[in-house]
């Protein structure tokens with residue numbers, strides 16, 4: 001009997017010394033884990049779609065079997081898969097199909113791009129685009145009304161084809177005369193249409209009362225409602241293009257900020273067909289109350305490997321670029337205006353109560369200091385009414401400009417600021433004109449202060465508002481400079497993130513923002529094998545070289561979905 005026990009123990013030890021062979025072993029470059037217990041490792045073993053082991057090369061190679069693939073990084077740097085914490089996945093796809101106006105440097109250049117599109121278009125076909133931003137142009141047109149260009153040049157370039165061009169922020173749009181004609185917007189109707197908006201939007205008019213072609217916030221619907229709807233085929237093509245864009249930008253996860261019924265159904269069909277290249281965490285659009293109530297009855301859909309639907313997106317104010325962000329005090333460069341609420345605060349409170357009741361996270365778009373304060377107030381009321389629910393993880397999307405008194409409330413309330421660091425690079429040079437120096441320095445882009453409050457800052461790009469690449473946002477997080485490297489030392493440098501904080505904002509903390517930190521966001525045994533491989537070491541390379549980083553490989557569930 002004793003000999004049998006010794007033999008059985010030896011057999012068991014022998015089995016333990018020969019672990020199940022891995023499908024994939026990755027080695028040969030710096031590997032950052034975002035795991036505090038071992039911040040770096042030499043190699044990773046993957047079985048199926050899951051991390052089997054992460055540690056020293058010697059220990060990892062014990063998992064090598066006859067059929068194990070060994071991937072040598074060749075000196076490239078691997079991190080957990082980057083997660084876009086706030087973007088618009090269908091917008092990313094459509095941005096590749098429509099006019100991309102992000103790079104235009106003047107109104108004249110915008111008009112030229114429209115002329116080129118008109119030359120290729122069918123008679124009467126809509127010309128659609130997105131990405132222009134008047135405050136980023138090298139030169140401004142002679143005629144400006146309330147900080148925006150007027151439609152005359154655009155209308156002359158396309159007299160017969162309706163044109164609608166969304167502002168980079170998505171919070172304003174620019175229409176030509178033909179589009180306004182089809183929408184019934186003219187000098188005689190504009191007063192009535194404005195009153196019907198109920199202060200949730202603005203039709204910009206000149207001194208004679210004529211519409212200039214600029215439609216701010218909810219006024220955009222006056223034009224968008226007459227644009228022909230996309231076909232299912234076009235929607236599917238847009239999502240396919242968006243998946244490709246995620247893969248080549250190193251994104252293994254994407255938080256979609258405001259999805260319609262049709263989009264959610266499309267996401268699920270892509271998941272069923274195995275066509276997702278990035279895992280989706282979906283916020284239901286707050287504009288469709290019937291859809292929200294349907295999901296309340298159904299309950300959250302939780303599938304961290306594919307599509308999760310467990311959040312609601314509320315659009316509570318506008319953007320700084322369009323002067324729609326809701327402020328406590330008027331705009332410095334428009335003292336008659338303080339922005340606007342675009343969603344009733346009573347509805348924010350009701351949605352917060354319902355979200356806690358039915359198990360849905362509430363994610364409220366708030367950019368201005370008043371919008372942030374008002375939303376925090378509603379969240380706090382709902383939390384106090386439901387003290388037993390402590391892990392709500394409600395979010396404020398953008399949290400871009402805060403009153404100093406509200407910064408500490410994020411940590412105290414457990415509210416997640418979902419911020420886009422690249423907005424500082426793009427907006428800070430002109431945002432000071434909107435807010436003035438005091439408000440900028442005390443409350444804008446307050447990453448380090450929010451982190452010190454105990455909040456988890458999660459990162460992204462708001463694509464297609466900004467290009468989808470996380471490299472620019474990572475750079476902005478740690479330098480607080482424009483993408484041209486200005487100014488020396490960065491804007492308000494005390495608010496910079498460390499590189500470790502920036503990495504977590506795109507990985508482990510981003511996963512936390514979707515209740516998924518136990519299965520995503522770090523390189524650790526049992527987690528999904530989602531990895532981003534960069535051409536250089538983003539944790540040590542000189543900041544002057546950070547923007548030269550390229551994504552060389554994207555791995556989702558142990559499978560390569562992009563190879564440069």
Inside the range 341-375, the number of residues satisfying the requirement of being more than 22 Å from residue 169 (Cβ to Cβ) and either in a helix (DSSP H, G or I) or over 21 Å from the mean Cα position of the chain (by Cα) (or both) is 13
Test for residue 46: is it touching a residue at least 24 places away in the same chain (Cβ under 8 Å) and in a strand (DSSP E or B): yes
Pairs where the first residue, in the range 264-277, is assigned by TED's automatic domain parsing to the domain that holds residue 557 and the second is surrounded by fewer than 18 Cβ atoms within 10 Å (Cβ to Cβ) and at pLDDT 95 or above, C-beta under 6 Å, 6+ apart: 271/306
Identify, please: which residue in the range 547-560 is surrounded by fewer than 19 Cβ atoms within 10 Å (Cβ to Cβ) and more than 20 Å from the chain's Cα centre (by Cα) and is, among those, farthest from residue 527 (Cα to Cα)? 548
Please count how many residues of the range 223-238 are part of a loop (DSSP other than H, G, I, E, B) and either under 30 Å from residue 326 (Cα atoms) or at pLDDT 95 or above (or both). 3
Considering (1) touching a strand residue (DSSP E or B) at 6+ places or on another chain (Cβ under 7 Å); (2) within 19 Å of residue 277 (Cα to Cα), say which one residue 469 fails and leave the rest. (1)
Condition met for residue 393 (modelled with pLDDT of 95 or more and in a helix (DSSP H, G or I)): no
Only one of these is on the phi > 0 side of the Ramachandran plot, over 18 Å from the mean Cα position of the chain (by Cα) and part of a helix (DSSP H, G or I): 454, 489, 485, 436. Name it. 436
Within the range 413-422, work out how many residues are assigned to a helix (DSSP H, G or I) and within 12 Å of residue 491 (Cβ to Cβ). 0
Given the range 89-169, what helices (runs of 4 or more DSSP H) lie entirely inside it while holding 2 or more residues that are more than 30 Å from the chain's Cα centre (by Cα) and within 19 Å of residue 229 (Cβ to Cβ)? none
Do we have any residue at all in the range 522-542 that's over 21 Å from residue 76 (Cβ atoms), surrounded by fewer than 17 Cβ atoms within 10 Å (Cβ to Cβ) and touching a strand residue (DSSP E or B) at 6+ places or on another chain (Cβ under 9 Å)? yes
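Suppose we filter 147, 131 for residues that are under 16 Å from residue 104 (Cβ atoms), modelled with pLDDT under 95 and in contact with a helix residue (DSSP H, G or I) (Cβ under 9 Å, 6 or more places away or on another chain); which single one remains?
131
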From the option list 508, 483, single residue qualifying as closer than 11 Å to residue 424 by Cα and either surrounded by fewer than 24 Cβ atoms within 10 Å (Cβ to Cβ) or modelled with pLDDT of 95 or more (or both) is 483
Working only within the range 404-428, note down all residues that are within 23 Å of the chain's Cα centre (by Cα) and more than 25 Å from residue 356 (Cα to Cα). 420, 421, 422, 423, 424, 425, 426, 427, 428
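Based on what the data block shows, is residue 501 in contact with a helix residue (DSSP H, G or I) (Cβ under 7 Å, 6 or more places away or on another chain) and not assigned by TED's automatic domain parsing to the domain that holds residue 170?
yes
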Out of 468, 503, sole residue that is crowded, with 19+ Cβ neighbours inside 10 Å, outside any loop (DSSP other than H, G, I, E, B) and in contact (Cβ under 8 Å) with a residue 40 or more places away in the chain: 503
Filtering the range 239-261 down to residues that are in contact with a strand residue (DSSP E or B) (Cβ under 9 Å, 6 or more places away or on another chain) and part of a helix (DSSP H, G or I), which residue is surrounded by the fewest Cβ atoms within 10 Å (Cβ to Cβ)? 261
Here the residues within the range 50-61 that are surrounded by 15 or more Cβ atoms within 10 Å (Cβ to Cβ) and either modelled with pLDDT under 95 or not in a strand (DSSP E or B) (or both) are 59, 60, 61
Check residue 119 against each of (1) without any contact (Cβ under 8 Å) to a residue 24 or more places away in the chain; (2) buried (at least 17 other Cβ atoms within 10 Å of the Cβ) and name the one condition it does not meet. (2)
Going through the range 262-290 in order, the residues found to be within 17 Å of residue 304 (Cβ to Cβ), out of contact with any strand residue (DSSP E or B) (no Cβ under 7 Å at 6 or more places or on another chain) and in a loop (DSSP other than H, G, I, E, B) are 274, 276
Out of all the residues in the range 408-416, is one or more more than 19 Å from residue 361 (Cα to Cα) and surrounded by 24 or more Cβ atoms within 10 Å (Cβ to Cβ)? no
Quick check on the range 195-215: of everything there that is within 25 Å of the chain's Cα centre (by Cα) and modelled with pLDDT under 90, which residue is surrounded by the fewest Cβ atoms within 10 Å (Cβ to Cβ)? 200
Scan 220, 181 and give me the residue that is modelled with pLDDT of 90 or more, in a helix (DSSP H, G or I) and exposed (fewer than 15 other Cβ atoms within 10 Å of the Cβ). 181
Note on the range 326-341: residues in contact with a strand residue (DSSP E or B) (Cβ under 6 Å, 6 or more places away or on another chain) and either within 22 Å of residue 255 (Cα to Cα) or surrounded by fewer than 21 Cβ atoms within 10 Å (Cβ to Cβ) (or both) are 337
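The values are calculated or read from the model by the stated rules, or taken from the named source; none is laboratory data. As the structure is a computational prediction, the values presented were derived from the model and not from experiment. Reconstructed Cβ throughout: ideal geometry from the backbone, glycine too, with neighbour counts over all protein chains shown.
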